[in-house]
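Here the structure is laid out as structure tokens; the discussion comes afterwards.
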Amino acid sequence: MKVVLHVWRQASASAAGKLVDYQADDISPDMSFLEMLDVLNERLIVRGEDPIAFDHDCREGICGSCGMMINGAAHGPMKLTTACQLHMRSFSDGDEIWIEPWRAKAFPVIKDLVVDRGAFDRIIQAGGFVSAPTGSAQDGNAIPIPKQAADDAMDAAACIGCGACVAACPNASASLFTAAKISHLGELPQGQPERMKRALAMVHQMDLETFGGCTLFGECQEACPKGISIDTIAQMNRDYIFAAATEREATDVLGSG
Amino acid sequence: MTTKLDARIPAGPLAEKWDKHRFEMKLVNPANKRKYHVIVVGSGLAGASAAASLSELGYRVSCFCFQDSPRRAHSIAAQGGINAAKNYQNDGDSEWRLFYDTIKGGDFRAREANVYRLAQVSVNIIDQCVAQGVPFAREYGGLLANRSFGGAQVSRTFYARGQTGQQLLLGAYQALEKEIARGGVTMHSRHEMLDIVVIDGRARGIITRDLVTGAVEAHVADSVVLGTGGYGNVYYLSTNAKGCNVTATYRAYKKGAAFADPCFTQIHPTCIPVAGEHQSKLTLMSESLRNDGRVWVPKKKEDCGKKPGEIAEGDRDYYLERKYPSFGNLSPRDIASRAAKEVCDEGRGVGPGGRGVYLDFADAIKRLGEHTIRERYGNLFEMYERITDEDPYKQPMRIYPAVHYTMGGLWVDYNLMSTIPGLHVIGEANFSDHGANRLGASALMQGLADGYFVLPSTIGDYLAGVKVDGLTAEHAAFREAVDGVNARTARLLGIKGTRTADSIHRELGHIMWEKCGMSRNAAGLKEALVAIPKLREEFWSNVCIPGTGAELNQSLEKAGRVADFLEFAELMCTDALQREESCGAHFREEYQTKDGEALRDDEHFAYVSAWEYAGEGMPPVLNKETLEFENVHLSTRSYK
Ligand SMILES: Cc1cc2nc3c(=O)[nH]c(=O)nc-3n(C[C@H](O)[C@H](O)[C@H](O)COP(=O)(O)OP(=O)(O)OC[C@H]3O[C@@H](n4cnc5c(N)ncnc54)[C@H](O)[C@@H]3O)c2cc1C
Ligand code: FES
């Protein structure tokens with residue numbers, strides 16, 4: 001099959017970017033979307049042109065590296081599918097495809113489709129963990145965890161940190177990402193001691209990173225390749241409100257940056 | 001000149017060695033720990049767990065990875081599970097049994113003492129991960145669930161749906177982020193290590209390239225830890241993430257670290273077959289699928305073109321069940337892989353190019369119901385359907401073997417230190433625990449054992465013996481190394497040929513898969529040893545890398561990795577050629593029994609081959625660490 005691509009090209013963070021057109025011929029429907037870009041890049045390199053930069057690694061939909069807007073949708077048209085797992089059979093011969101990077105103030109473009117998602121790491125640093133130094137653990141079966149709780153925790157923990165939720169949100173909010181971690185750890189007994197502190201610190205960091213606020217559009221849930229539910233945001237809000245009401249911990253946490 | 005390999009295995013009974021050794025090792029005074037700077041290259045299970053644990057102990061740590069975040073390391077893709085000798089199922093498991101299974105699975109080419117220690121600490125790993133909030137699968141009573149995995153006859157595998165690696169890595173990543181926030185670890189994402197600096201015989205730092213700006217930087221430390229993963233991508237197509245490479249370990253090899261058993265590579269039997277020339281990587285279907293799936297091909301070649309449903313039960317050959325009645329579909333990976341290749345070579349393969357066999361869930365769905373199968377494998381089935389456009393609930397999956405894991409790696413002693421003092425190697429990057437073949441669900445265990453429990457103890461023994469000396473990157477050795485890296489980048493960019501690095505990599509992969517893959521023979525290996533240098537010449541005279549070194553340049557990154565693979569591939573073939581026996585995943589066609597089973601030669605080959613770099617253009621020097629087996633009897637494997 002043949003497709004026409006309009007790809008965002010931007011040489012560096014400070015350079016101006018623009019959409020550039022490419023004709024991609026001889027594309028097999030069995031190719032993944034990234035394999036289609038590989039093939040195009042191979043051709044560009046041989047022609048002496050600069051290939052399109054994009055992040056990718058596992059190509060199995062689990063590392064969260066790949067991420068791009070495809071025809072205006074984060075990761076493209078297939079539900080529950082990352083760009084690397086999308087296949088060209090989802091398109092038709094002759095289609096025009098627009099490919100752009102995640103657009104969010106908190107995710108500055110580094111080059112072409114590559115953006116800086118460091119803000120996500122910093123949100124985790126703020127409190128997305130259980131403080132359990134190596135060696136301090138008791139037997140794994142010492143605290144039974146109801147299967148339902150473990151399953152719910154796993155549902156939220158499935159987040160791959162790709163950033164599609166932010167890219168899809170009209171406000172560029174990172175609420176789904178942040179809430180997924182708060183819910184994952186909040187479901188488990190191990191997450192309880194730091195639960196309130198975690199909610200405050202992570203939400204605070206999210207705001208510092210210039211992500212927008214959540215107005216419950218629900219676009220994030222639609223775009224999430226792992227099907228993380230927007231219910232996690234409700235959970236986050238409950239934890240946050242409860243925690244904010246208990247001043248003592250709040251000053252502890254915010255003071256520590 | 002050969003190096004004397006001293007594995008420094010502690011004396012005493014096997015089960016007491018680790019405890020005794022921990023007591024005998026020197027400790028670093030807690031107040032002094034922050035004076036020591038440790039560089040950890042890699043943020044996979046091994047690197048992240050090590051960096052976090054070392055920081056918790058008080059060391060100053062810098063951690064490096066080439067991805068944009070440490071959470072994206074290749075470990076994230078592991079699906080099936082992690083072993084531990086908990087014996088929660090009361091089915092006869094024990095540290096001793098896990099030890100024995102690992103040694104036997106490795107076909108008696110691993111070090112007893114290391115493997116026993118691995119089995120011992122395995123139980124602590126599960127506890128640690130649970131404490132971090134890893135959402136392992138649970139039974140209705142709230143206790144941890146287990147399954148049996150690849151060849152094991154006990155249920156000792158812990159799992160988190162089909163995303164065990166992801167959840168374990170996120171646990172380690174979160175611990176790492178916690179330490180970053182505390183100021184104990186400085187994280188350098190999007191940095192690639194391109195050289196290691198050795199001063200007065202000790203590893204003192206690394207040279208990296210900032211992948212965003214292109215800046216080449218020197219980093220000084222008191223000890224360097226490599227947790228840079230495996231080199232399966234030497235085959236171009238493998239189940240590894242695209243960025244997996246041999247660069248870090250190979251550069252260390254060139255600076256004097258011995259490379260052990262490079263030819264030991266594991267081929268995984270259950271991957272999605274190649275769809276065409278454009279294929280960029282292969283996707284693993286977790287072999288936990290083999291617990292419930294039955295492997296078959298048509299008995300008759302003529303049936304291969306038919307739809308699977310049209311082939312009558314009597315016309316199907318469940319060849320694993322037929323050949324290996326006691327293990328059947330759970331036969332070890334190498335056996336299952338070779339058996340698949342055999343039936344395809346006979347012309348009975350299915351799917352495009354006849355390179356595939358069926359993995360059929362129809363019986364399991366009948367027995368357990370679709371709901372249970374969905375619960376167990378839902379996400380794997382989805383992944384399969386997404387890639388192939390076929391529904392495995394309705395028709396059998398097609399699978400074929402693919403390169404998956406590399407048992408070889410930098411040689412390390414009992415303390416996980418390489419032949420360069422101060423250079424430690426952990427996780428898949430070292431060779432230590434799996435011998436000639438790795439059991440399923442044991443890589444995650446080893447990576448976390450090394451990072452959480454072994455290295456944090458053993459590195460102290462090294463650091464306690466060295467003085468903090470105020471070395472800086474101004475030292476001539478660092479400047480020279482930086483110049484070397486810059487010169488190499490300039491040379492790569494200056495070639496301006498006509499071929500992409502990928503196209504040359506693909507060609508290398510083809511050579512390796514054909515000549516140094518699932519089965520090898522002397523003639524083929526010798527051909528490869530002629531073809532590889534030729535291809536390397538082609539690379540250095542005709543590769544085309546657009547752009548400059550002072551920007552994000554993914555073509556340059558790739559080319560640098562391919563250049564290393566092109567040298568390393570030769571070392572693999574050289575190693576495969578000298579090992580004139582079949583053991584584990586290393587199957588030399590000349591050495592097999594009448595019924596095609598691997599023929600091991602304990603008299604001549606019960607050793608670890610540790611290769612030493614001898615200089616540009618010189619053949620590498622083979623050093624041997626003889627393996628002593630005091631606790632197990634060297635049995636011949638039979639899975640019949
Ligand atoms: C698809 C798949 C499924 C698997 N499933 C299982 C399973 O179910 N159970 C099991 O036990 N094992 C499994 N394995 C094997 C297991 O996942 C790996 O062996 C293990 O995760 C390796 O961990 P690691 O920490 O050693 O390396 P990796 O996770 O590969 O991490 C390497 C790190 O090093 C960094 N790095 C590499 N080179 C450089 C460089 N030059 N400069 C800077 N940084 C560098 C990378 O950025 C990364 O952070 C699976 C493997 C695959 C491919
Ligand atoms: S490349 Fe890993 S999720 Fe797409």
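Table for the structure above
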read-out	value
Peptide A:37-47 - average C-beta neighbours from other chains (10 Å radius)	4
Neighbour-count order for B:R536, B:R182, fewest beta carbons within 10 angstrom listed first	B:R182, B:R536
Whole-Hz couplings from phi, Karplus 6.51/-1.76/1.60, listed for region B:325-330; x for Gly and Pro	x, 7, 9, x, 5, 9
Farthest toward positive dipole pole in the protein assembly as shown [+1 Lys/Arg, -1 Asp/Glu at C-beta], among B:Y59, B:V297, B:M417	B:Y59
Exposure proxy order (Cβ contacts within 10 Å, fewest to most) of B:V38, B:V28	B:V28, B:V38
Between 0 and 90°, nearest 10: helix B:112-132 axis offset from chain B longest Cα axis	90 degrees
Distance histogram for region A:3-103 (every C-alpha pair counted, 5 angstrom bins, percent rounded to whole numbers)	3, 13, 23, 28, 21, 10, 3, 0
Dmax and Rg, reported as Rg then Dmax, of the protein assembly as shown (C-alpha, Å)	25.9, 77
Point-charge dipole on Cβ atoms (K/R +1, D/E -1) for region A:3-103, about Cα centre, debye to 20	360 debye
Sorted peptide list for B:519-527, B:399-407, criterion being average Cβ within 10 angstrom, highest first	B:399-407, B:519-527
Amide H partners (placed H, <5 Å) of B:S62, local residues excluded	B:V38, B:I39, B:V40, B:T186
Dipole in debye (nearest 20) - the protein assembly as shown, about Cα centre, beta carbon charges: Lys, Arg +1; Asp, Glu -1	640 debye
Long-range Cα-Cα pairs in region B:487-640 (distance over 27 Å), rounded percent	38 percent
For region B:201-225 versus region B:77-135, the gap between their alpha-carbon centres in whole angstrom	34 Å
Cβ neighbours within 10 Å from other chains - mean over A:177-190	2
Cα-only Debye scattering, region A:84-149: base-10 log of I(q)/I(0) at q = 0.13, 0.15, 0.24 Å⁻¹	-0.75, -0.81, -1.11
Ordering of B:69-76, A:163-170, B:311-318 by packing [mean C-beta count within 10 Å, highest first]	B:69-76, A:163-170, B:311-318
Projected-area average for region B:268-402 over all orientations - Cα convex hull basis, square nanometres	7.7 nm²
Centroid-to-centroid separation of region B:441-489 and region B:531-566 [C-alpha atoms, Å]	27 Å
Backbone HN-Hα couplings from phi across region B:38-45 [Karplus 6.51/-1.76/1.60, Hz, Gly and Pro as x]	10, 9, 10, 9, x, 10, x, 3
Structure-based [θ]222 nm, chain B - -39500 (n - 2.57) summed over DSSP H runs of at least 4, per residue, nearest 500	-11000 deg cm²/dmol
Which of B:Y319, B:H371, B:G353, positive extreme of dipole for region B:268-402 (C-beta unit charges)	B:Y319
In degrees, nearest ten, helix B:333-345 long axis to first principal axis of chain B (Cα)	50 degrees
3J(HN,Hα) from dihedral phi, region B:606-622, Karplus parametrisation 6.51/-1.76/1.60, rounded to Hz, x for glycine, proline	7, 9, 8, 8, 10, 8, 10, 5, 10, x, 3, x, 9, x, x, 9, 8
Long-range HN-HN contacts of A:A132 with modeled amide H, under 5 Å	none
Residues whose placed amide H lies under 5 Å from that of A:L113, excluding near-sequence neighbours	A:A53
Cα centre as origin, Lys/Arg/Asp/Glu Cβ charges: chain A dipole, Debye	520 debye
Nearest 10 degrees, 0 to 90: helix B:95-105 Cα axis against chain B principal axis	80 degrees
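All of the numbers you see were taken from the coordinates with simple rules; none came from a lab. Keep in mind the model is a prediction, meaning the values are calculated, not measured. Heads up, the Cβs are rebuilt from the backbone with ideal geometry, glycines too, and the neighbour counts pull from every protein chain shown.
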